[in-house]
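Okay, structure first, notes after.
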Amino acid sequence: MGKIVLQSVLLNDTISDIVIDGNRFSEIVPSEQRKQYDNAELIDCSGLAILPAFYNAHTHAAMTLVRGYADDTPLFEWLNDYIWPFEAKLTAKDIEIGSRLAVLEMIKSGTVFFSDMYWHREATMKVVEEMGIRAAIGVTISDVLTSPKDLEDNFTFLKQHKGESERVKLVVMPHAIYTNTDECFKRSIAIAKEEKYVLHTHLSETSKEVNDCFLQYKCTPVELMEKWGALSSHFVAAHCVHFTEKDKKLFSQVGAVAVVNPCSNLKLGSGIPNIVSLLKNNIMVALGTDGASSNNNLDMREEMKMAGLLTKANDASVIVSKNDILKLATENGAKAYGIQNAGRIEEGWLADCILIRMDNERMVPCHDIVSNWIYGADSRAIDSVMCNGKFVMRNGHVDGEDDIVAEAVACVKRLM
Ligand SMILES: [Zn+2]
């Protein structure tokens, strides 16, 4: 693969030439000191700025198919009466179609990685490989929601490390403590340790979950995880809305990761994650959209703005800077899943990025590009998206996008 040079692109405050060699940024020089490169593809990026792409640390991709299906219901009613009955009808092909719609939406809103907890994982893996982005694909574990045979297949799949590649990783994902027996959850923890996988689960999302945990185990869900030996720097929890001070200490001590999903939590009435307090406890915090069923989109820029605003509601006396908010949505999401040197535009780092049109009306004027990007703009400002050194969107266009949308429309019509 030859080199690519992004010429005359705005990086921070400097017009620069950025060389991409293979899947990494290999050289960054101010454009006024332009060098010549043999056999390189030169791309004129005048009028464009470069920013890190997003890493969505918790979602359920194919739930795009239930976007707007059951609004205005609290979590447990929403799951029991609407989502689980609908999901029971989904085939692997439906999930492939839903995942493709999700990946299209993610690319168009600047996301190049997602952590996915869902069913028929091979259908989603296929889509990720085809569409050129990255994913941590969950082997979703629940002995309450799946048959004994499917459960055993999941553990076999994990033992074999099936389908892992340069851009696709597997992750052990017990759905939640309330959808697994103790035995099954503990088995998930054990296989994650044996096979060196990240362990990811929904944790302390609602006060009901925490209260039920107290009734059954006389401790919080985080304390239960500690008791069962799950907590480590390879433990990534989604939601983390109802953490006690002790829960935060337990996370901080071992370097466990808290993924916050504020839009989904607000929409389902689950509560407000205290991002400021998590950060004050030196917990690594990443950001996720959750599924489009409870968000109702997969737009990480919107999630980032929500997170930024909520920090002011959490504790107005503590300033969480815009650069810190950007980090939650970029670098931290990659790091949470063991993707090293990703989420910054720096020499030697993975060539994942977005190119922003500086003439988009919401990018004007530009006193501060990060501020505009978090609080002012929307996805329409994105011109191009690159993952692993290759464009997955160019000049606002993703290959096959019209067909992806048409297929999703037909699929939902059939399912309903
Ligand atoms: Zn979720």
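If I build a Gaussian network model for the chain, linking alpha-carbon pairs within less than 10 angstrom, which residue out of Glu32, Glu401, Glu302 has the largest mean-square fluctuation? Greatest mean-square fluctuation among the candidates belongs to Glu32. Measure nothing but the geometry: give the 0 to 90° angle between the long axis through the Cα atoms of 92-108 and the longest principal axis through the Cα atoms of the chain, rounded to 10°. Compared with the principal axis, the helix lies near 40 degrees. Across the options Phe391, Val260, Ile345, the greatest Cα extent toward the positive end of the charge dipole of the chain (unit charges at beta carbon of Lys, Arg, Asp, Glu) belongs to Val260.
Segment 93-143 and segment 64-80 have Cα centres lying 20 Å from one another. Of the cross-linked pairs Lys208/Lys335; Lys218/Lys248; Lys267/Lys327; Lys35/Lys169; Lys89/Lys267; Lys149/Lys248, which ones have a Cα-Cα span greater than 28 Å in the structure shown? Pairs exceeding the cut-off: Lys208/Lys335; Lys35/Lys169; Lys149/Lys248.
Between Glu122 and Asp71, the C-beta separation translates, for a Förster distance of 30 Å, into a calculated FRET efficiency of about 0.45. Farthest toward the positive end of the dipole of the chain, out of Thr289, Ser99, Thr111, is the Cα of Thr289, where the dipole comes from beta carbon charges about the Cα centre.
Here's the picture: a label point sits 7 Å out from the Cα of Glu166 along the beta-carbon direction, and within segment 107-135 the residues with their amide nitrogen under 14 Å of it are 129-135. Shape call for segment 1-128 from the C-alpha gyration tensor, a ≥ b ≥ c root eigenvalues: rounded (a/c under 1.5), prolate (a/b greater than b/c) or oblate? Cα axes put segment 1-128 in the prolate bin. Straightening the chain between Arg394 and Ala88 buys 106.5 nm, computed as 0.36 nm per residue apart minus the Cα-Cα spacing. Can you give me the Kirkwood hydrodynamic radius for the chain, using every pair of distinct Cα atoms, in Å to one decimal? Radius from the Kirkwood sum: 21.8 Å. Here the Gaussian network model covers the chain, with springs between Cα atoms less than 10 Å apart; of Lys280, Lys186, Lys390, Lys280 fluctuates the most.
Model label points for Glu183 and Asp150, set 7 angstrom from Cα along the Cα-to-Cβ axis, are 1.9 nm apart. Per residue, the chain reaches -10000 deg cm²/dmol at 222 nm when only DSSP H runs of four or more residues are counted, each adding -39500 (n - 2.57). Post the alpha-carbon centroid distance, segment 311-349 to segment 277-307, in whole angstrom. Cα centroid to Cα centroid, the span is 11 Å.
For the chain, the relative contact order comes to 21 percent (Cα pairs under 8 Å, sequence separation of at least 6). As a proxy for reagent exposure, Thr179, Thr140 were ordered by neighbouring Cβ count within 10 angstrom, fewest first; the result is Thr179, Thr140.
Each reported figure results from applying straightforward, stated rules to the coordinates on display, with no laboratory input. Owing to the predicted nature of the structure, the values given are computational and were not obtained by experimental measurement. With ideal geometry, Cβ positions are generated from the backbone for all residues, glycine too; neighbour counts draw on all protein chains shown.
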